[in-house]
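Asker: Pasting a structure below so you can have a look.
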Amino acid sequence: MLVFFRDGFYKDLIILLVLTVIIGAVFAQGVAWAIDTYFGDTLDGMIGEYGEYDVILHIREEAKETALRELERIGEQSFPGYKLNQTLTIAGQANFFFGFPETHRTKEVLEGITSYFGAVPGINGYTLMVEPSVLIRGVHPAVREDLMEQIEALSGVRFVVKDGVNLVVVLAEEDGSADITRKVEDILQKYQILELRFPMGFEVDTQEVGEQALAILHSHSSPGQSEYKNVTSAQYGEDLDAFLKALVEMRDFLGSYASQVRLVPDPQVNLGVGELIILEDDLLIEVTGIYGDHVEGMIVEGSPVQSMDTIVQAGYRYLGPGERGEFVADVEIENERYRLAYAVDESLRLLAELEELSVQASTAVNNAEGVLTTFQEALMQLEVLQVQMRQLNEGITNGDAKSSGEQFLVTLLLNGLFQTLAQGVIHTGEESLDSLQNLDIEEMRESLAGISAQISNVQEIDVAAIMEQIGFVRDTLPNLNDAEIGQSIRLINTYLGGQVIPGERVQLLIEGQHVDEKALESLFREELENPYMHTYSTSVGMVTPDARGEVFRILKEVRSIVAGMLSIIFTMIVLVLDHATVFSTLKFLRANDRPNKRRWARLFNPLLVLGGVLGSLILTSVYYLSRSQIPFVSLPFVVFLGFALGGLIVVFAERFSPVHSMELMAGQSLGLSNVQIMREIVIPPSRPGLLNLLNRFRQQF
Amino acid sequence: MLEIRDLRKSYGKLVALDGVDLTVSRGETVVIMGPSGCGKSTLIRCVNRLTEPDSGTILVKGQDIMALDSGELQEFRRNVGFVFQQFNLIGRLTVLENVMFHLVLGGMDLEEARSRGRVVLDKVGLKGAEQRRPHELSGGQQQRVGIARALVTNPEIMLWDEPTASLDPILVSEVLEVMEELVRTTATTMLIVTHEVSFALRVAERIVFMDKGQVVEEGVPKEIFADPQSEIARLYKRLLVT
Ligand SMILES: Nc1ncnc2c1ncn2[C@@H]1O[C@H](COP(=O)(O)OP(=O)(O)O)[C@@H](O)[C@H]1O
Ligand SMILES: [Mg+2]
């Protein structure tokens with residue numbers, strides 16, 4: 001069999017091998033490169049080349065034309081040599097990429113983006129993308145200045161820019177990024193934020209507790225090791241606080257809206273918060289608070305009778321569905337919700353009455369005026385009468401008898417008639433009339449006019465609208481029954497009481513030796529006398545790769561993995577297409593060899609070794625040359641994998657490339673050399689691979 | 001011309017040749033007969049080392065075949081024509097190429113090889129079929145191509161391994177005719193494995209009977225069939241009578 005190689009076929013094989021490796025490397029590298037280029041170009045098209053732009057300005061779409069003009073103006077005026085590019089418009093927001101000229105790429109400019117671009121029409125914020133840089137997210141305000149100072153002192157760092165809660169570390173050159181990332185992480189590592197969280201509902205003076213906690217920390221650590229500082233701040237997580245406050249309000253509103261349950265416990269019975277009590281009409285009550293003799297509860301199942309009055313029922317211990325225990329308390333239920341609804345209904349009725357009333361009042365005032373006028377007229381007539389009577393009286397007594405007979409008769413008559421009558425009237429009537437005249441009719445008239453105006457005001461009020469509004473209020477009152485309210489309150493309470501949601505929070509900054517926050521938890525609980533608090537540990541900031549760096553890193557990784565996979569696939573293809581043919585032939589020829597006399601040589605199959613070496617040679621070279629890198633796959637493993645693949649091909653050579661043994665034997669019988677047999681008989685009808693292709697140049701028939 | 005001594009060959013535990021001795025003189029036609037699996041093919045392939053014997057001696061014109069290196073072996077094989085039971089033609093080559101490509105590979109001028117190819121094809125009655133492919137031909141025609149291929153080098157020895165065994169009975173005669181013609185017209189030494197008893201009787205100068213890897217009887221055909229000594233010979237005689 002080895003004669004085979006002495007024949008000269010080895011030259012063909014060597015050429016084949018070299019070409020295989022070159023083609024394999026070029027192929028694997030090429031495909032990977034194509035992937036790289038494609039994604040790289042796409043990326044560059046989207047976010048510019050590395051370091052080309054420094055800031056993305058987010059501008060409302062409708063303002064983008066004016067914004068563009070304004071940006072160009074700012075650029076020309078303040079940053080000559082600037083770069084500007086409008087890229088994607090996403091969700092109504094246009095993104096302008098702005099690149100400062102090198103001389104303006106300074107801390108002052110980058111921290112003053114708002115002062116330069118704040119007046120650009122439609123501006124909606126910005127994102128810094130200075131490159132090369134290292135981004136630190138979520139920097140705790142307490143250490144920000146310290147951090148900036150320390151990081152700026154690192155060599156390779158140009159300056160540090162404050163960007164909201166982030167810090168952007170601008171580097172002198174791209175290469176230093178990994179090194180500086182490590183150094184920055186080291187700096188961050190020196191700090192630790194220890195957080196003490198108290199569940200919702202605990203009124204904690206965070207400043208005071210913070211100082212207490214500091215003291216506890218100090219007393220429990222060896223001196224000089226670390227520095228501790230109370231850095232509790234309110235602004236941290238404001239949104240959540242607001243939400244939690246809203247939840248508390250909601251809970252209180254629901255609580256007052258629910259039926260009020262008061263319990264008068266049996267003196268022999270001890271009630272606990274959370275205990276369930278069942279009433280005669282199957283209402284289920286949960287005890288929510290015990291304040292000395294005063295016990296409160298809420299309905300968690302069932303609805304009470306709708307009543308304005310307080311309902312009093314006997315309550316029994318609840319032992320499970322349908323089971324009740326001993327009597328524990330008298331339970332008083334006041335249905336505030338029902339009362340509210342009742343009050344609203346009553347208001348509506350009252351309003352309707354009011355309207356009626358105002359009409360009636362207006363009529364009454366009008367009537368009063370009539371009366372007043374009549375009264376005044378009567379008064380005036382009385383005066384006239386009084387004057388006449390006085391004249392008559394004087395006439396009679398003075399004897400002025402120039403009057404006619406009739407006049408005299410009348411005078412007589414009148415005299416006779418009124419003598420007694422007038423006597424009284426005149427004497428007493430003088431005074432009465434005076435007092436009548438003293439009544440201020442005009443004033444009365446004015447006050448009547450005032451009343452009238454007020455009544456008409458009342459009439460002008462749009463009672464219908466008010467009624468509609470009150471009706472609306474009534475309809476929008478939550479249509480919840482007590483059980484639903486009770487369950488909602490319970491739910492809100494569990495949520496608020498949950499450990500995930502911070503109530504009050506105290507933050508301590510630790511510089512130096514880190515502490516074990518879980519070990520401290522029990523200590524704090526004890527010393528601060530609050531068994532519900534939790535301790536957490538957080539970092540003062542996180543180094544995160546900038547988006548582009550991350551994308552490129554992934555891209556490079558993908559490229560290497562793809563190249564690696566392709567190397568393996570390529571090797572398998574080459575082995576199957578080319579070398580399986582060679583090996584099946586070699587195996588056929590070897591079968592005819594006189595078996596070796598030496599035993600070790602019989603155990604040692606040179607073909608397997610040959611295949612293995614060949615496989616690992618091809619795979620390793622292609623893998624190496626194409627700069628492949630598959631995670632967790634080391635070079636020795638690649639060598640081994642190649643060997644295994646080669647060995648497998650030897651074992652299954654005939655399956656991939658059956659030997660045409662008869663043609664082969666004919667070739668032998670005709671006195672052809674092994675090389676000739678390979679070139680003229682074995683390879684030409686074999687699979688179309690590189691071997692087959694190369695053979696065309698050698699083949700004579 | 002050919003001298004085989006104590007030739008042995010085993011395939012693992014199976015003994016195919018169990019000490020065969022055989023001598024063939026120049027120009028002699030020897031027919032080997034024996035039941036299937038008795039080692040005939042193995043024997044005839046050992047002659048030009050298509051099968052490597054385990055031990056024994058093969059002398060051709062006094063030359064030790066077992067001692068040849070690969071180049072010498074190739075040289076030797078070019079002087080030995082071999083006709084296979086399955087024809088063993090090269091499927092992708094034309095009929096003409098099949099009979100002359102080895103001449104070219106052996107260093108002969110292309111035109112010379114072609115004309116010699118045409119001559120042998122004419123001799124086996126395949127004139128006009130030069131440009132056809134083996135699979136387009138009948139079994140008899142294919143075997144005649146096989147014969148032409150063996151013949152084209154003017155070999156001193158021709159080895160035939162059951163040349164008609166895989167042919168339809170009707171096609172057998174056209175091959176046997178060519179063979180008989182060859183035996184009569186050439187001086188080539190022939191070693192023929194076949195089951196064609198009447199053919200053997202007509203052309204063989206000597207018949208060798210084999211059984212279980214050994215030669216059990218040999219002699220002039222008429223004498224052997226007149227008085228067979230071995231079981232095998234008796235069986236073949238019966239075949240002749242019926
Ligand atoms: N390449 C081989 N591998 C294993 N056994 C074989 C091989 N060739 C032939 N044999 C066995 O050797 C014995 C002789 O075979 P062979 O010489 O072909 O017999 P014949 O040609 O007389 O029919 C048979 O039993 C056969 O199965
Ligand atoms: Mg046979």
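The values are calculated or read from the model by the stated rules, or taken from the named source; none is laboratory data. Keep in mind that what you see is a predicted model, and the values were worked out from it rather than measured. Note: ideal-geometry Cβ built from the backbone for every residue, glycine included; neighbour counts use all protein chains shown. The area values use the complete protein model at the heavy-atom level, side chains included, leaving out ligands, DNA and RNA. Shrake-Rupley method; radii C 1.70, N 1.55, O 1.52, S 1.80 Å.
Asker: Averaged across B:67-75, how many Cβ atoms of other chains sit within 10 Å of each residue's Cβ atom?
Answerer: Neighbouring Cβ atoms belonging to other protein chains average 3 per residue here.
Asker: So, how do all the Cα-to-Cα distances of the stretch A:51-130 break down into 10 Å bins, in percent, from 0 on up?
Answerer: 20, 59, 20, 1
Asker: OK, next. So, with +1 on the Cβ of K and R and -1 on the Cβ of D and E, and no other charges, what is the size of the charge dipole of the protein assembly as shown about its Cα centre, to the nearest 20 debye?
Answerer: 11860 debye
Asker: What do you get for the angle between helix B:231-241 and the principal long axis of chain B? Use alpha-carbon atoms, 0 to 90 degrees, nearest ten.
Answerer: For B:231-241 against chain B, the angle is about 60 degrees.
Asker: Moving to a separate point now. Round to the nearest 0.05 the FRET efficiency obtained for A:R339 and A:K162 when R0 = 60 Å and r is the Cβ-Cβ distance.
Answerer: 0.60
Asker: Using Cα positions and a limit of under 19 Å, work out the aspartates and glutamates in reach of B:K13, with same-chain residues fewer than 8 apart set aside.
Answerer: Here the aspartates and glutamates satisfying the reach criterion relative to B:K13 are A:D593, B:E52, B:D54, B:D211.
Asker: State, in square angstrom and to the nearest 100, the accessible area buried between chains B and A, both chains counted, probe radius 1.4 Å.
Answerer: Chains B and A together bury roughly 2400 Å² of accessible area.
Asker: Further question on the same structure: Can you give me the distance in nm between label points at A:A591 and A:I14, each placed 7 Å from the Cα along the Cα-to-Cβ direction?
Answerer: That separation, rounded to one decimal, is 3.1 nm.
Asker: Using the structure shown, list the pairs from A:K11/B:K61; B:K123/B:K237; A:K587/B:K9 with a Cα-Cα distance above 30 Å, or answer none.
Answerer: A:K11/B:K61; B:K123/B:K237
Asker: Treating only the Cα positions of chain B as identical point scatterers, give the base-10 log of I(q)/I(0) from the Debye formula at each q in 0.12 Å⁻¹.
Answerer: -0.68
Asker: Between Rg and the Kirkwood Rh of the stretch A:260-334, both from Cα atoms, what is the Rg to Rh ratio?
Answerer: 0.92
Asker: Would you list which aspartates and glutamates come within 13 Å of A:K64, measuring only between C-alpha atoms, while excluding same-chain residues fewer than 8 positions from it?
Answerer: A:E72
Asker: Calculate, for B:S166 and B:E28, the FRET efficiency according to 1/(1 + (r/R0)^6) with r their C-beta to C-beta distance and R0 35 Å; round to the nearest 0.05.
Answerer: About 0.85, to the nearest 0.05.
Asker: Rounded to the nearest 20 Debye, what is the dipole magnitude of the stretch A:51-130 about its Cα centre when Lys and Arg each give +1 and Asp and Glu each give -1 at the C-beta?
Answerer: Here the stretch A:51-130 has a charge dipole of around 40 debye.
Asker: Residues of B:81-93, mean number of Cβ from any other protein chain within 10 Å of their own Cβ, rounded to a whole number?
Answerer: 5
Asker: Pulled fully out, how much extra length does the chain show between A:N493 and A:L84, if you take 0.36 nm times their separation in residues and subtract their Cα-Cα distance?
Answerer: 141.9 nm
Asker: Could you work out the relative contact order of the stretch A:260-334, using alpha carbon pairs under 8 angstrom and six or more residues apart, expressed as a whole percent?
Answerer: 37 percent
Asker: Counting only C-alpha contacts under 8 Å and six or more residues apart, can you give the relative contact order of the stretch A:51-130 as a whole percent?
Answerer: After rounding, I find 50 percent.
Asker: Please determine, in degrees from 0 to 90 and to the nearest 10, the orientation of helix B:95-105 with respect to the longest principal axis defined by the Cα atoms of chain B, where the helix direction is its Cα long axis.
Answerer: Its long axis makes an angle of about 90 degrees.
Asker: Using a Förster distance of 45 angstrom, determine the FRET efficiency expected from the C-beta separation of A:V312 and A:T538, and round it to 0.05.
Answerer: Using R0 = 45 Å, I get an efficiency of 0.25.
Asker: Within the stretch A:281-299, whose backbone N sits under 14 Å from a point 7 Å along Cα→Cβ of A:V305?
Answerer: Of the residues in the stretch A:281-299, A:281-283 have backbone N under 14 Å from the label point off A:V305.
Asker: I would also like to ask the following. Helix-only estimate, please: 222 nm mean residue ellipticity of chain B, summing -39500 (n - 2.57) across DSSP H runs of length 4 or more and dividing by its residues, to the nearest 500.
Answerer: Result for chain B, helices only: -12000 deg cm²/dmol.
Asker: Modelled label-to-label distance, A:A246 and A:L357, 7 Å Cα→beta-carbon offset: nm?
Answerer: Inter-label distance under the simple model: 4.1 nm.
Asker: Give the residue from A:P321, A:V161, A:L690 lying farthest towards the positive end of the charge dipole for the protein assembly as shown; charges sit on Cβ (+1 for Lys and Arg, -1 for Asp and Glu) and the dipole is referred to the Cα centre.
Answerer: Among A:P321, A:V161, A:L690, the one farthest towards the positive end of the dipole of the protein assembly as shown is A:L690.
Asker: Provide the descending list of Cα extents for the protein assembly as shown along its principal axes, expressed in whole angstroms.
Answerer: 217, 77, 76
Asker: Please give every one of the lysines within straight-line cross-link reach of A:K229, meaning a C-alpha to C-alpha distance under 16 Å, and leave out same-chain neighbours fewer than 8 residues apart.
Answerer: A:K190
Asker: Round to the nearest 10 and give me the degree value, 0 to 90, for the angle of helix B:139-151's Cα axis relative to the longest principal axis of chain B.
Answerer: It is inclined by approximately 90 degrees.
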